[in-house]
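This report refers to the structure that appears directly beneath it.
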Amino acid sequence: MRTFIVPLLLTLLAGALLGPIPSILERAEWPRREPRAALVLWQAVGLTGGVSLLGAAITMALAPLADSPWRALIAYLDNLATGDLTGGLQPTHLVLLILAASITVWLAGAMPVTIWRTWQARRRHRDLVGLVSRPWPAARPGHGHVLEHPVAAVYCLPGRVGRGAPRVIFTTGALSSLDDDELAAVLAHEHAHLAERHDLVVLPFLAWVSALPWFPGVRRARSSVATLLEMVADDRAVLRTTPATLASALARIGSATPSAAPAGALAVDGRGVLERVRRLLEPPRRSRSWRLSAYALAAALVAAPVATVLSIF
């Protein structure tokens with residue numbers, strides 16, 4: 001019985017983090033008060049959920065070999081060293097171990113593949129923008145570009161200094177829809193995305209959706225994180241403009257669909273725009289207790305799988 005405590009606990013933890021907890025977190029009100037802390041918590045939920053799922057499968061597969069995960073792993077490696085290709089496992093447990101190893105490889109490969117595809121999409125679009133756009137002097141030198149397009153859209157393409165320098169792209173539809181103050185507010189919002197490298201924050205969630213699309217919690221994480229990143233950028237932008245001006249700009253161009261921006265871009269679009277406008281016009285009261293609680297819970301979640309395994313050594 002003792003050999004199955006760790007797999008059971010890890011299975012319950014993985015099930016909670018890939019199912020009901022993301023649903024609860026998605027519907028909670030406090031993240032709009034502390035979006036940065038909520039982002040950290042979402043990252044912990046995703047990381048711990050994946051690690052717990054794999055840990056449950058591996059420890060369950062090795063459980064017959066010893067009364068603790070560590071001793072079971074040593075026994076399995078010893079059996080392999082003696083030439084036993086099964087590691088001393090029965091067929092059912094061997095299949096479970098192979099399945100766990102396959103999922104691990106699949107998840108480990110999803111991140112570099114997602115990074116590569118995203119960077120390639122950005123590079124192609126960045127090169128295209130350089131060919132068909134014209135500079136917009138109101139932006140930082142080399143950053144602002146204008147595309148001839150009737151749809152009001154604004155987005156940024158992260159990058160590095162040089163040929164791949166970051167770009168903020170405005171369509172002519174956006175320039176005709178916004179006044180000077182609103183354009184400056186939107187530009188501040190996009191510069192917030194670039195300065196805080198939100199493109200890197202979102203990459204793990206893109207990879208998880210690609211690797212585990214059948215888990216509702218993973219899809220909820222991707223959607224919630226995208227909205228929270230927009231709120232974080234809004235908060236930084238209002239340090240350089242007024243909340244009312246940014247809210248007005250969002251209301252004007254928020255009807256543009258996310259497809260107006262290319263893959264890999266961070267766009268001002270309709271994602272949570274009504275909630276964001278309401279949040280700007282009626283700023284929620286910040287909560288230090290919620291912020292600290294979120295950070296503490298995130299740390300506890302990350303430590304939970306390790307603590308579970310170590311608990312019966």
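The table below gives the values:
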{"item": "Ordering of 37-46, 66-75, 97-106 by burial proxy (mean other Cβ atoms within 10 Å per residue, highest first)", "result": "37-46, 66-75, 97-106"}
{"item": "Calculated semi-axes √(5λ) of the Cα gyration tensor in Å (choose from (1) 45, 23, 14; (2) 31, 22, 17; (3) 27, 22, 21), label", "result": "(1)"}
{"item": "Other-chain or far-sequence residues with amide H under 5 Å of Thr171's (modelled H)", "result": "Leu147, Ala153"}
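Taken together, the values in this text are just the output of simple stated rules run on the coordinates, not laboratory data. Every value quoted in this text rests on a predicted model; they were computed, and no experiment measured them. For neighbour counting, all protein chains shown are included, and Cβ atoms are generated from backbone atoms with ideal geometry for every residue, glycine included.
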